[in-house]
Amino acid sequence: MQQVRVVVPNRPGLLAELTGILAEKNIDIEEITVETHDTGAIVRLGVESDAPAMAVLTDAGYHTVSDQVLLARIADKPGGLAEISRDLAEAEINIRSLHHVRREAGYALVAISTDDNYRARKVLGEVVV
């Protein structure tokens, strides 16, 4: 999954505009988080790895930043996130961002961006989907 962050001024209709631009290009949003701070906003979008979301939004005049993320399926129980975080820390892999995507059938799906996704995939093994 590709994680695209859009940094914009907060205003009415912003989300409709951003999602409309992506819909026009047939880009499906797999997960979204919107945070507002005073007059600014950060919109985090999870889209397919090969989707041109960043280019489409940049061409439309938005300031975007992208990260490739790993999707990890972890046990939905106390300590599940602590376990994978500890595994990455022990391998000296820094977590840049982590977002809970959804819960399903006793598991939580999280999107993780690290400073070394290649090594993180090896450390986390089977939990990466």
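Between the Cα long axis of helix 80-90 and the first principal axis of the chain there is an angle of about 80°, rounded to the nearest 10. Placing +1 on each Lys and Arg Cβ and -1 on each Asp and Glu Cβ, with no other charges, gives the stretch 1-81 a dipole about its Cα centre of roughly 200 debye. This model, with +1 at the C-beta of Lys and Arg and -1 at the C-beta of Asp and Glu, gives the stretch 70-127 a dipole about its Cα centre of some 200 debye.
Scoring 46-55, 94-103 by mean Cβ neighbours within 10 Å over their residues and listing the highest first yields 46-55, 94-103. Computed from Cα positions, the angle between helix 14-24 and the longest principal axis of the chain comes to roughly 90 degrees.
With coordinates expressed along the principal axes, the C-alpha atoms belonging to the stretch 15-59 extend over 32, 18, 16 Å, beginning with the largest.
Highest mean packing comes first when the peptides 107-120, 26-39 are listed by Cβ atoms within 10 Å, giving 107-120, 26-39.
The value of relative contact order for the stretch 2-67, using C-alpha pairs under 8 Å at least six residues apart, is 49 percent. Averaging the Cα positions of each part gives two centres, and for the stretch 83-119 and the stretch 46-79 these lie 14 Å apart. The Cβ shell under 13 Å around Ala108 holds other residues with a net charge of 0, Lys and Arg each +1, Asp and Glu each -1. Each of Val56, Ala75, Ile95 was placed along the dipole of the stretch 24-129 (beta-carbon charges, centred on the mean Cα), and the one lying farthest toward the positive end is Ala75.
The Cβ shell under 13 Å around Val43 holds other residues with a net charge of 0, Lys and Arg each +1, Asp and Glu each -1.
With contacts defined as alpha carbon pairs under 8 Å and 6 or more residues apart, what's the relative contact order of the chain in percent? In percent, rounded to a whole number, it is 25.
Against the set (1) 2, 10, 20, 20, 17, 14, 10, 6, 1; (2) 2, 8, 9, 10, 14, 14, 14, 12, 9, 5, 2, 1, 0; (3) 2, 11, 20, 24, 20, 14, 7, 2, 0, 0, the structure's computed P(r) over Cα pairs in 5 Å bins from 0, in percent falls on (1).
Helical content alone sets the calculated 222 nm signal of the chain at -8000 deg cm²/dmol, taking -39,500 (n - 2.57) per DSSP H segment of four or more residues and averaging over every residue.
Only the coordinates and a few stated rules stand behind these numbers; no lab work does. Keep in mind it's a predicted model, so treat the numbers as computed, not measured. A quick note on method: Cβ atoms are made from the backbone with ideal geometry, for glycine too, and the neighbour counts reach across all protein chains shown.
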